[in-house]
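Nothing in this text is a laboratory measurement; each read-out follows from the coordinates by a stated rule. A quick note: this is a predicted structure, and the numbers were derived from the prediction, not measured. Virtual Cβ from ideal backbone geometry, glycine too; neighbours counted across all protein chains shown.
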Amino acid sequence: MSDGAASRAAAVRAVAGVLGPGQTLELTLAAAGAAPGARALSHALAFGALRFGHRLKKVAEGLLARPWESQSAEVQALLLVGLFQLEYGDAPPHAAVSTTVAAARLVGEARAAGMINACLRRFQREREALLAAADRTLGGQSSHPDWLVTALKRDWPAEAWQVLEAGNEHPPLVLRANARQLSTAALAAELAVAGIVTRPVPFAPHALVLERPLDVRELPAFVAGRCSVQDAAAQLAVPLLGARAGERVLDACAAPGGKACQLLEEVPGLAELVALDVDPGRAARIRDNLRRLGLEANVRVGDALDPATLRGERFERILIDAPCSGTGVIRRHPDIKWLRRREDIGPLAARQRQLLDSLWPLLAPGGRLVYVTCSVLKAENAAVVAGFLAATPEAAEVTESASLALPGLPPWPRTAGPGLALLPGVAGTDGFYYACLERCAR
Ligand SMILES: C[S@@+](CC[C@H](N)C(=O)[O-])C[C@H]1O[C@@H](n2cnc3c(N)ncnc32)[C@H](O)[C@@H]1O
């Protein structure tokens, strides 16, 4: 078995696990069992095939004798991985075709090998016409699912194509300096000595963007807890929360602890940070991160929607980093293009509103609650917050004044509705939404 075929087979298994059973790419890559030497290539192929898969699927539909939906997930994945290499990859075309055909046998699709070979060779001959036909469709032009393109064009008519283009980019690696241990400049200097070029982010003072990706586990500063991985847009939650020493803070959806750890790093002397998450496995990752960074919090496993979980407790600050569609972080997780459906958005918005309704009573008078998502859809953002504000007379929206804590923040698109939306491709970050709400002091 050639190494080339083995890495293609691992990529195909990972992509098929997303397309078929609907598992996340993180899980399917871990299960795909690529040998260490083949891992980097199989990961790159799986990410690329899913990132550009909606365009490549349109191409495949022009090549197949039978409908796409009637093919097994493995055959669909073989076509996406093969076409991705031919259109976007570095391998010589003949090697891309022969290793993908060999991979068909390795993933139990020996009978489809001839058909895969014929499709890939025909793509080489008829590339321009096939791509032109694909690009006449929304999905082909944008490499995103049709429903999401439609929703973005409705929500952000002026910015939609920038957001879609950013969704196809390779994301940068962004670090957060651990403010308890060193300054951002000191971290940049330490990395520079190792030949790693970084640049600062004006509105996120602890962030450093790395020009070239690397495996963070090989970085001594990461292993020793001097830095963490966190996009610049995610680093805005802590300054917007505005917590001060002596206050009790609830992070209600805390795992894996990115924002909780940032809060502890940047605001020493809190009375207590309760870091709650409903998922025990994910809550364990909060503990791992606290340990690596030398921090302490009250980590609890529990459902924020269950009134018994936090009964009788009071907090001066509450962070709700709500579960959401993840449509703001598609460049990091291209499987979201395949896993998320239009029908998911209504139930997500209902749960987000429930989280606001359930946790608001725990906020002390004069306290602040920050609602966050990594979605770019108004249904999960401004619409949820506007509905909550309309039903909650003692809640005041203070996002605009809270954002004064973020000098250098690029102007964000102002449309009707509360909150601050950072859009990928516009702000140069992942897509995040923030709304700061204060409880009128009585
Ligand atoms: C967007 S993630 C949070 C990311 C985290 N704040 C960070 O910065 O690393 C959302 C989290 O909410 C948790 N979650 C979802 N529903 C919940 C609930 N009802 N109660 C508590 N946690 C919940 C999920 O398990 C998930 O870990």
Asserting the computed 222 nm helical MRE of the chain (DSSP H runs at least 4 long, -39500 (n - 2.57) per run, divided by residue count, to nearest 500) equals -13500 deg cm²/dmol
By the C-alpha gyration tensor axes a ≥ b ≥ c (rounded if a/c is under 1.5, else prolate when a/b exceeds b/c, else oblate), the shape of region 234-439 is rounded
FRET efficiency (residue 129, residue 305; Cβ distance; R0 45 Å; to 0.05) is 0.30
Relative contact order in percent for the chain (Cα pairs under 8 Å, 6+ apart) equals 14
Here, residue 150 and residue 113, labelled 7 Å along Cα→Cβ, have an inter-label distance in nm of 4.2
Restricted to region 234-439, the DSSP antiparallel beta bridge percent, nearest 5, is 40
By the mean-Cβ-within-10 Å protection proxy, highest first, 384-394, 261-271, 191-201 rank as 261-271, 384-394, 191-201
Quick shape check on region 173-229: root eigenvalues a ≥ b ≥ c of the Cα gyration tensor, a/c under 1.5 is rounded, otherwise prolate if a/b tops b/c, else oblate, and it reads rounded
Listed by chain and number, the lysines with an alpha carbon less than 24 angstrom from that of residue 259, same-chain partners under 8 positions apart left out, are 378
Percent antiparallel among DSSP beta bridges confined to the chain, rounded to 5, stands at 60
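Roughly speaking, what is the stretch gain from residue 245 to residue 27, that is 0.36 nm per residue apart minus the C-alpha to C-alpha distance, in nm to one decimal?
74.6 nm
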Which of 258, 53, 408 fluctuates most in a GNM of the chain (C-alpha springs under 10 Å)? That residue is 408
Residue span residue 199 to residue 70: 0.36 nm per residue of separation minus Cα-Cα distance leaves a gain in nm of 41.6 nm
Quick shape check on the chain: root eigenvalues a ≥ b ≥ c of the Cα gyration tensor, a/c under 1.5 is rounded, otherwise prolate if a/b tops b/c, else oblate, and it reads prolate
Taking 326-335, 297-306 and ranking on average Cβ neighbours within 10 Å, highest first, one gets 326-335, 297-306
